[in-house]
1. Return the pairs, sorted by first residue and then second, in which the second residue is part of a helix (DSSP H, G or I) and small (Gly, Ala, Ser), the first residue lies in segment 190-201 and is more than 20 Å from Ile27 (Cα to Cα), the beta carbons are less than 8 Å apart, and the residues are 6+ apart or on different chains.
2. Could you look through segment 72-91, keep only residues that are under 15 Å from Asp201 (Cα atoms) and hydroxyl-bearing (Ser, Thr, Tyr), and pick out the one that is surrounded by the most Cβ atoms within 10 Å (Cβ to Cβ)?
3. Could you say whether any residue in segment 57-67 is touching a helix residue (DSSP H, G or I) at 6+ places or on another chain (Cβ under 7 Å), under 29 Å from Gln179 (Cα atoms), in a loop (DSSP other than H, G, I, E, B) and in contact (Cβ under 8 Å) with a residue 60 or more places away in the chain?
4. Please name all residue pairs, on different chains or six or more residues apart, with Cβ atoms under 7 Å, provided the first residue is in segment 96-117 and is closer than 12 Å to Thr175 by Cβ and the second residue is assigned to a helix (DSSP H, G or I) and of a type in the set (Phe, Trp, Tyr).
5. When you go through (1) at pLDDT below 90; (2) of a type in the set (Lys, Arg); (3) surrounded by 15 or more Cβ atoms within 10 Å (Cβ to Cβ) one by one for Arg44, which number turns out not to apply?
Amino acid sequence: MTLLDQSVGQLARQLPGATRVFHDYGIDFCCGGRSTLRDSLNGRDVDQASLIAALETLPASQPGEYDWQTASTSELIKHILTRYHAVHRQQMPELIRLARRVEHVHGDRQECPNGLAKLLEGLHQELESHMQKEEKILFPMFKRELDHDAHGPIAVMRFEHDEHGEALARLMALTHDIQTPKGACTTWRALYAGLREFRADLMQHIHLENSMLFERAEAQEVRHG
């Protein structure tokens with residue numbers, strides 16, 4: 001099977017550093033992780049040969065990068081809670097504050113992302129609700145190995161992940177792909193730096209859940225069913 005015929009999520013799991021390549025080429029490896037690489041590229045102006053070469057020449061491992069496929073379910077959940085849930089709760093209020101400030105001061109500039117603060121407020125509420133459902137319902141089920149009861153909650157979480165992905169797409173449109181305009185003030189630059197970090201974190205967060213944690217639970221459910 002060629003790289004083009006493998007799912008994006010599978011490539012992100014199996015090739016250390018693939019997520020960095022996908023970021024560079026704007027390929028959705030979190031919510032779109034079940035699509036094949038070929039389908040993800042369909043209709044897009046991407047240098048396919050260059051992309052494949054970048055994937056094929058990835059080193060066997062990346063410095064500081066851990067293979068979470070080898071981790072236990074409890075270890076993976078602990079990582080998600082500390083590296084992503086806790087971090088998002090720090091990121092979101094500050095991003096909202098910065099966005100409000102930029103819109104208030106620079107709202108008359110053509111490049112100003114008017115409406116960004118409102119978008120972030122909505123995403124903050126949705127993400128907090130989503131994380132609490134995982135923390136209170138789904139993750140405890142996984143730890144008790146109640147995979148046969150997790151199908152419904154997993155489906156809900158996948159749906160909400162798709163909604164998060166749609167919010168990120170709107171964020172990218174509002175900010176012109178998070179490109180800082182010329183003459184941007186310090187607050188504006190800090191906002192966009194934070195948005196880039198948050199987007200990368202959320203995509204990796206969703207990838208770990210969709211393509212590792214949830215698929216592991218679904219595979220166990222099939223075996224036990």
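1. Listed by first residue and then by second, the contacts come to Leu191/Ala99.
2. Tyr84
3. no
4. Val102/Trp188
5. The failed condition is (3).
The values are calculated or read from the model by the stated rules, or taken from the named source; none is laboratory data. Quick caveat: nothing in here was measured; it's all calculated off a predicted structure. Note: ideal-geometry Cβ built from the backbone for every residue, glycine included; neighbour counts use all protein chains shown.
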